[in-house]
Every structure is written in C-alpha cells, then in structure tokens.
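> Before we start, here is the structure in question, set down as structure tokens.
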Amino acid sequence: MALLTRLSTCPTIQHEPFNRNRKLGHVTALVLPEEGVARPVVATELDAALRDALARPKNIKHCIDHLPSALYMALLRVASELGYRHAVLFRRDEAARARSLAWPLQRARGGRRPPRNSTRNCATAR
C-alpha cells in the first residue's frame with residue numbers, strides 16, 4: 001500500500017478515515033449514529049455526503065469489514081462515478097488480519113494488547 005501511495009499524484013488522507021472519530025466519520029454517522037447501532041439511511045443523503053467528502057481526489061485506505069456494508073457499497077459506487085480507482089487487498093493469513101484489526105478496536109475500548117499468537121479476541125472485530 002505504501003508503494004501505491006508514493007506513486008499516486010493525489011494526497012493521502014489518514015488511514016481508516018471513515019471510522020467514527022476520524023476526518024470522514026461524519027459520513028459514517030449517517031449510517032451508524034451510535035456505536036454498534038445501524039440505522040436505515042436514504043441513499044441520496046449518503047451519496048451526497050460521500051460526493052462532498054470525495055470531491056477533491058485523495059488516496060483512501062480503509063478496511064471494508066467493520067462498518068455497515070451500506071456505507072461501503074455507496075462508497076464504491078460514488079467513488080467509481082467520480083473516477084476513483086480501487087485496489088482491493090487481501091491478506092494470505094486471515095487470522096493475522098483479524099488480529100491486526102481487533103487490536104486497535106480492543107485498545108479503543110480500553111483493552112490490553114492480545115498475545116501475538118492469540119485469535120481469542122478476533123470476534124471483537126465484527
């Protein structure tokens with residue numbers, strides 16, 4: 001991912017910008033106003049917020065499996081309409097990916113870092 005970022009002529013926004021406490025978290029709040037409580041959202045409202053957030057080209061790195069799928073489907077659709085290109089990255093070691101996602105989520109909730117070889121806390125990533 002770092003190589004793609006360096007090769008791009010677009011600026012890079014912070015990693016995971018759609019997380020609730022990040023630069024584009026206001027867009028996520030339309031779909032997920034409270035932690036863990038999704039709500040139906042009018043597609044045009046979400047699309048308009050995404051168009052505004054993506055109006056100036058930028059590189060975005062965001063995991064697509066821990067926020068509502070409606071957000072990601074709209075993000076892919078609107079970004080494509082605006083001319084963005086997508087690089088979808090998959091990890092060979094799914095357990096390692098789940099651990100790397102679970103740790104920041106657990107830490108944000110005041111938890112301690114799980115042992116390196118542990119997958120016990122992976123369920124918190126969903």
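> Somewhere in the stretch 3-13, is a residue at pLDDT below 80, in contact with a Leu (Cβ under 9 Å, 6 or more places away or on another chain), surrounded by fewer than 16 Cβ atoms within 10 Å (Cβ to Cβ) and assigned to a loop (DSSP other than H, G, I, E, B)?
Among the residues of the stretch 3-13, not one is at pLDDT below 80, in contact with a Leu (Cβ under 9 Å, 6 or more places away or on another chain), surrounded by fewer than 16 Cβ atoms within 10 Å (Cβ to Cβ) and assigned to a loop (DSSP other than H, G, I, E, B), which makes the answer no.
> Filter the stretch 49-99 for residues that are aromatic (F, W, Y) and surrounded by 14 or more Cβ atoms within 10 Å (Cβ to Cβ) and give the result.
Restricting attention to the stretch 49-99, the residues satisfying the condition of being aromatic (F, W, Y) are 72, 84, 90.
Answer for the stretch 49-99, where residues must be aromatic (F, W, Y) and surrounded by 14 or more Cβ atoms within 10 Å (Cβ to Cβ): Y72, Y84.
> Has the stretch 34-49 got any residue that is part of a loop (DSSP other than H, G, I, E, B) and at pLDDT 90 or above?
No, the conditions are met nowhere in the stretch 34-49.
> May I ask you to verify whether A87 is among the aliphatic types (A, V, I, L, M), assigned to a loop (DSSP other than H, G, I, E, B) and at pLDDT 80 or above?
Yes: the conditions hold for A87.
The values are calculated or read from the model by the stated rules, or taken from the named source; none is laboratory data. This one's a predicted model, so the numbers in the text were calculated from it and none came from an experiment. Ideal geometry is used to build each Cβ from the backbone, glycine not excepted, and the neighbour counts take in all protein chains shown.
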